[in-house]
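Read the structure below first, then the notes.
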Amino acid sequence: MPQPTEHQHQDRIVVTGTGLITALGVGTEVNWSALLAGGDGVGPLHGIDFKGAPDKGGGQAPGLSLDSLAGIPPRARRERAAAYLFCCARECVHSAGLEQSNPYAPARRGMIVGTTLGGMNSGGVFLESCRKRGVGRARFGEMRRWQPSAVMRPVLDAFALAGAGITTTTACASGLSSIGLAMMMIRSRRLDLIIAGGYDPMCVYTYAGFNSLMLVDGEAIRPFDAERKGLKIGEGYGLLALERRTDALRRGARILGEVVGYGESSDAHHLTRPHPDGQGAVRAMRIALTEARLRPDQIDHINAHGTATPNNDSSEYRAMERVFGAHLRRIPVSAVKSALGHALGGAGGVEAIFTLLAIRSDTAPATLHTRCVDSAMPDLDLVTDQPRAHPIRHAMSNSFGFGGSNASLILGVCDE
Amino acid sequence: MSDDVVITGCGVVSALPSGAAALFDALCDGRCGIVDYEGVSLGETVRTRVGRVCDFDPEEWIADQTLRRMSRFTQFAIAAGRQAACEAGLIEPGPAGRFDEGSPLAERTAVLCGAVAGSPPYVLDYYMPIIERGVVAANPILFGEGVPNAASSHLSMSLGIRGGCQTLLGERTVGLEAIALASEMVRAGRYDVVLAGASEEYHPILTQIHEKIGMHTPREKIDRGCLPFARESAGYLMGEGAAFVVVERASSALRRGAMPLARLCAAGMSTGAGAAAGGFEAFETALGSFLVPSVTERGVDGLKDGLVFSSANGSVLDAAEVGALHGLAASPLTVTSLAGALGECLSMTPVASVITAIQACWHGRCPPTRTTDPSLPEGVSCPQVTTPIDTSSAVIVATGLEGAAAAIHIDVT
């Protein structure tokens, strides 16, 4: 097992701001309240032309209010992902107290986000217009907005994030991968402040793809249920402001929590199926624990990837079983995709924020719709029906993606 | 040296012969990989010239049974990644060479692949039927193989790499950004070895799009080729390929008997955001914001020896890039570019430039830039024949739209 170097422990990384948009609403506190109240963001999908095929529903973010739209640069308004990402980043920067006064030079600030789609909706508009009117008369703007770099560009410009503008993709683990990269860049002192997380818009591209792989279920999402049949596509934007604890304290920032450990791995097994025993997931979780210098029994809550597909949930359970052993029985596990749908590249950032809020509130959110936990998962303490009050000092959030990408993040209370 | 981050293996697939040495020889011989191309895209027949990878046999590099399902984007990445891993002594030669099952080093090795376009054919073949006929027309194989991280994932599967495998999406700077992040990962102790690079596959839609934005050479002028720095340049021609390098600590490389090919002295990136001027004028600010501190941070002034591999491609970006470099350099600069020989391969060209720069420093020869009548500031020269050089280091730069910039400084001492 790799040991973290001294370098990895010389700086503590804290979260000082968050921005969150999901099917449950716009804004971090709106989302948390809705999740605790048992809100279900999954419903019929709007704006997708199914051309006669059934709409199996999904977790689509609500429309932006006029207040939210105000101040979004015109170029960001033309692509859904860009508009929502901007809105999310604005909340993140504002909650970090950096909107009016930012002590970091532009070259010391950056943004690292994960996505699977970027501006794929604009790509679809561009291709549709090419098909109907010919390439010569298609609009370049739609093509440019297709690029992930163009989706983040309005955020980079508005907040003068000059040090890095990185879009990474590890499929559905992308959001956590970006946080892992950000931790490294801050610890290495390349940058002082990074807005990190993930996003993915609702788009027919992925809906159709997951549907063709028979992974989308028309009924409710039931993670870890004995009769789980599949996922629903969600939409999500989750960003965290990350900086060194010493810098945050110096500028008097409100510290929301600490990012204490990150681990990642590849299954090297199959492009679209997880390793059945969750070997790669085991490694990611163990590396995160090692970096956090925590034992498995010191994890008080797990936000599971929990997509509700038969293979994913089985593989994830086996991995948790191997990592946590007998301790797993006393760790409340939540699977919030049951309320949001699967936000794909956005899931890691979105769920890292929910994990942070669970720590803040000492409350594990409920997993909706799961009626009977799979009997093959006897040690799983899945929180169902109601949120559960439970002391949480350290919590783990997991994301796994196509290509066998696995990522695990541990967040904790930031002690003085 | 023992604490340095070094490159121990290089691999490249391009319009010229595969492999670092073969590419360098071909470049020094003045060869050009740009060929006539005709294809159909979005109902339009596109006749153009492209730095096309011809005579590529994926079976030479890939033993996987799913090879035929893979896009060329993925196949190129595996071929170039395999060459690099092989040269670094990480795996055995041949299409089946891979890390041993359970190898600790496999878990301490990661993949970082940059891409701008990835595999346009797979995205189009998957997406267009959905646009036309709805969700029922989705092809699950094309969906899986068309995801942007397919190349890095297949590379990790093919070689048995079990550390993280990420794809960086963005401007043509992302290949160098992958190397920069790989260097950070190794320095931070996150990984012992990182296979970093970029892959791009050509499709005629790229020509159509780049024509549309006015950067591609107009079709009536394509016979003039792709002429970096040229006074009369009309734009660039597209290309394709993949290039990867193995990045690791010198101490661990030497311990396992691998020979460091070059030291990664400095690497950096900038978005250009917040620059006083928008558009292309942001390049100078972007480059200057990190290049000056980064070239000196390891005690070596990257621009002192004056050899620069530029991402110039015959477009309006050339002048901004060279102007920014010229403003930063205290001494005369020799600037070269591969775009005239390979075409504009987006994120791949700068990585191929890193590999070529290593060869150039080793062999004491700078390959020529295929161009005519270059327009350069005083003190900046662009060799049009293979030129002897007396330097052990080079700076490789890449610039992208809206001020994005990245640079790598290598030294072979």
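Derivation of every value follows stated rules applied to the coordinates shown; laboratory data play no part. If you're wondering where the values come from, they're calculated on a predicted model, not measured in any experiment. Please note: Cβ atoms are built from the backbone with ideal geometry, for glycine as well, and neighbour counts cover all protein chains shown.
For segment B:155-209, what are Rg and Dmax over the alpha carbons, in angstrom?
My reading of the Cα-based Rg and Dmax gives 13.8, 44 Å.
Over the whole of B:188-201, what's the average partner chain Cβ count within 10 Å per residue? Rounded to a whole number, please.
Mean inter-chain Cβ contacts per residue within 10 Å come to 3.
Taking all pairs of distinct Cα atoms, average 1/r, flip it, and tell me the Kirkwood hydrodynamic radius of segment A:214-266 in Å to one decimal place.
Answer for segment A:214-266: a Kirkwood hydrodynamic radius of 15.4 Å.
Pulled fully out, how much extra length does the chain show between B:Glu44 and B:Ser331, if you take 0.36 nm times their separation in residues and subtract their Cα-Cα distance?
Extra length from B:Glu44 to B:Ser331 when fully extended: 98.4 nm.
Per residue of A:270-278, how many C-beta atoms from partner chains lie within 10 Å of its own C-beta, taken as a mean?
What the average comes to for A:270-278 is 3.
For a quick check: sort B:Glu87, B:Glu44, A:Glu243 by the number of other beta carbons within 10 angstrom, fewest at the front.
B:Glu44, B:Glu87, A:Glu243
When the C-alpha atoms of the protein assembly as shown are aligned to their principal axes, what extent does each axis show, in angstrom, from largest down?
74, 59, 55
Test of understanding: in a Gaussian network model of chain B with alpha carbons linked when under 10 Å, which of B:Glu200, B:Glu378, B:Glu177 would top the mean-square fluctuation ranking?
B:Glu378
How far apart, in nanometres, would the label points at A:Arg371 and A:Arg139 be if each is projected 7 angstrom from Cα along the Cα-to-Cβ direction?
Label-label distance for A:Arg371 and A:Arg139, simple model: 4.8 nm.
Is segment B:1-80 rounded, prolate or oblate when judged by the Cα gyration tensor, a ≥ b ≥ c being the square roots of its eigenvalues, rounded requiring a/c under 1.5 and prolate requiring a/b larger than b/c?
Cα axes put segment B:1-80 in the oblate bin.
Roughly how many Å is it from the Cα centre of segment A:254-283 to that of segment A:219-242, as a whole number?
That distance is 17 Å.
How big is the convex hull of the Cα atoms of segment A:247-341, per residue, in Å³?
Value for segment A:247-341: 142 Å³ per residue.
Classify segment A:295-392 from the C-alpha gyration tensor, please: rounded if a/c falls under 1.5, else prolate or oblate depending on whether a/b exceeds b/c.
Since a/c stays below 1.5, the shape of segment A:295-392 is classed as rounded.
For B:Lys212 paired with A:Glu227, estimate the spin-label separation in nm (one decimal), with each label point 7 Å from Cα along the Cα-to-Cβ line.
In this crude label model, B:Lys212 to A:Glu227 measures out at 4.8 nm.
Taking the Cα centroid of segment B:17-47 and of segment A:334-387, what is the distance between the two, rounded to the nearest whole Å?
Segment B:17-47 and segment A:334-387 have Cα centres spaced 51 Å from each other.
Can I get the semi-axes of segment A:115-263's equivalent ellipsoid? Compute them from the C-alpha gyration tensor as square roots of 5 times the eigenvalues, in angstrom, largest first.
With the √(5λ) rule applied to segment A:115-263, the semi-axes are 33, 25, 11 Å.
Report the antiparallel proportion of the DSSP beta bridges in the protein assembly as shown as a percent, rounded to a multiple of 5.
So the antiparallel bridges amount to about 65 percent of the total.
Based solely on C-alpha atoms, express the radius of gyration and the Dmax of segment A:1-146 in angstrom.
For segment A:1-146, the Cα-based Rg and Dmax read 19.6, 60 Å.
For chain A, what is the Kirkwood estimate of the hydrodynamic radius, computed as the reciprocal of the mean inverse distance between distinct Cα atoms, to one decimal in Å?
Kirkwood hydrodynamic radius for chain A: 21.0 Å.
Taking chain A as a Gaussian network, where each spring joins two C-alpha atoms under 10 Å apart, which residue of A:Ala220, A:Ala23, A:Ala158 fluctuates the most?
Of A:Ala220, A:Ala23, A:Ala158, the Gaussian network model singles out A:Ala158 as fluctuating most.
Hand me the GluC sites (Glu not before Pro) from segment A:38-123 located in a DSSP loop with no more than 14 other Cβ atoms within 10 Å, in residue order please.
Passing sites in segment A:38-123 are A:Glu99.
I need two numbers for chain B: Rg to one decimal and Dmax as a whole number, Cα atoms only, in Å.
When restricted to the Cα atoms of chain B, Rg and Dmax are 20.0, 62 Å.
From other protein chains only, count the Cβ atoms within 10 Å of every residue's Cβ in A:125-136, then give the mean.
Mean inter-chain Cβ contacts per residue within 10 Å come to 4.
Can you tell me how segment A:323-375 classifies by the Cα gyration tensor, rounded, prolate or oblate, using a/c under 1.5 as the rounded cut?
Judged from the Cα gyration tensor, segment A:323-375 comes out oblate (a/c at least 1.5, b/c at or above a/b).
Run through the DSSP bridge list for chain A and note the antiparallel percent, rounded to the nearest 5.
In chain A, DSSP labels about 65 percent of beta bridges as antiparallel.
I want to verify a result. In a Gaussian network model of chain A, Cα cutoff 10 Å, which of these has the top mean-square fluctuation: A:Arg330, A:Arg222, A:Arg145?
A:Arg330
What distance in nm separates the two pseudo spin-label positions at B:Glu232 and B:Val35, each 7 Å out from Cα along the beta-carbon direction?
Between B:Glu232 and B:Val35, the simple spin-label model gives 2.8 nm.
Pull out the extension gain between B:Asp390 and B:Ala22, defined as 0.36 nm times the separation in residues minus the alpha carbon to alpha carbon distance; nm, one decimal.
Stretched out fully, the B:Asp390 to B:Ala22 stretch lengthens by 130.3 nm.
What is the calculated FRET efficiency for A:Asp297 to A:Met214, with r their C-beta to C-beta distance and R₀ = 51 Å, to the nearest 0.05?
0.85
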